[in-house]
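Asks: Below is a structure I'd like to ask you about.
None of the figures in this text is laboratory data; all of them are computed from the coordinates on show. Remember, it's a predicted structure, so these values are computed and weren't measured experimentally. Don't worry about glycine lacking a Cβ; one is built from the backbone with ideal geometry, like all the others, and counts go over all protein chains shown.
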Amino acid sequence: MTIFEKIAAREIPAKIVHETDEFFAFHDVNPQAPTHVLIVPKRVIPRIAEASAADSELLGRMLVASREIAQKLGVAESGYRLVINNGPDAGESVPHLHMHLLGGRHLAWPPG
Ligand code: 5GP
C-alpha cells in the first residue's frame, strides 16, 4: 500500500478535511504554506503522466472539489495554487497521484 492508501484506510493518522468515495483531502505533514493540503484519489494512479482517459472524470471532480476545499480552509478569496509534481525534476516523492492545494501566503512565480 502507498502512504496515502494507508491514510485513507486510517492506518496512518492525518487531518482529513474532505472525503468522498473516490478521493479525499488532508493536511500535508510538512506544510510549505499556511494552508497546504493534498487532494488524493483513493484509486492509485502513480502519477499524472500515467493517468488514462478512464480517469478523466475522477480528475475533473477532484479539480472541481478544490474550490469547496479552498472555501472550507478560508483561502478561496485570498487565492491558492494547485500543483501536481510529476517525476524527479518536479520533486515527486510519493508515487500515488496527489494535487497540492497551497495558500495562506503570497506564492512566488515562477516556482523554484
Ligand atoms: P510530492 O513531493 O510527491 O509532490 O508530495 C508528497 C507530499 O506528501 C509532500 O508534501 C509530503 O510532505 C507529503 N507527505 C508524505 N508523507 C506524508 C504523510 O505520512 N502524511 C501526510 N499528511 N503527508 C505526507
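Asks: Within region 1-25, track down each residue that is among the aliphatic types (A, V, I, L, M) and either within 11 Å of the ligand (Cβ to nearest atom) or surrounded by 15 or more Cβ atoms within 10 Å (Cβ to Cβ) (or both).
Replies: Ile3, Ile7, Ala8, Ile12, Ala14, Ile16, Val17, Ala25
Asks: Let me ask you something else. So if I check each of Ala70, Ala49, Ala54, Ala65, which one is over 15 Å from the mean Cα position of the chain (by Cα), outside any strand (DSSP E or B) and away from the ligand (no atom under 15 Å from the Cβ)?
Replies: Going through Ala70, Ala49, Ala54, Ala65 in turn, just one is over 15 Å from the mean Cα position of the chain (by Cα), outside any strand (DSSP E or B) and away from the ligand (no atom under 15 Å from the Cβ): Ala54.
Asks: Yes or no: region 73-81 includes at least one residue that is out of contact with any His (no Cβ under 6 Å at 6 or more places or on another chain), among the aromatic types (Phe, Trp, Tyr) and farther than 21 Å from Thr2 by Cβ.
Replies: Looking for residues that are out of contact with any His (no Cβ under 6 Å at 6 or more places or on another chain), among the aromatic types (Phe, Trp, Tyr) and farther than 21 Å from Thr2 by Cβ, one finds at least one in region 73-81, hence yes.
Asks: Oh, and also: Which of the residues that make up region 79-101 are outside any loop (DSSP other than H, G, I, E, B) and more than 8 Å from the ligand (Cβ to nearest atom)?
Replies: Tyr80, Arg81, Leu82, Pro88, Asp89, Met99, Leu101 - these are the residues of region 79-101 that are outside any loop (DSSP other than H, G, I, E, B) and more than 8 Å from the ligand (Cβ to nearest atom).
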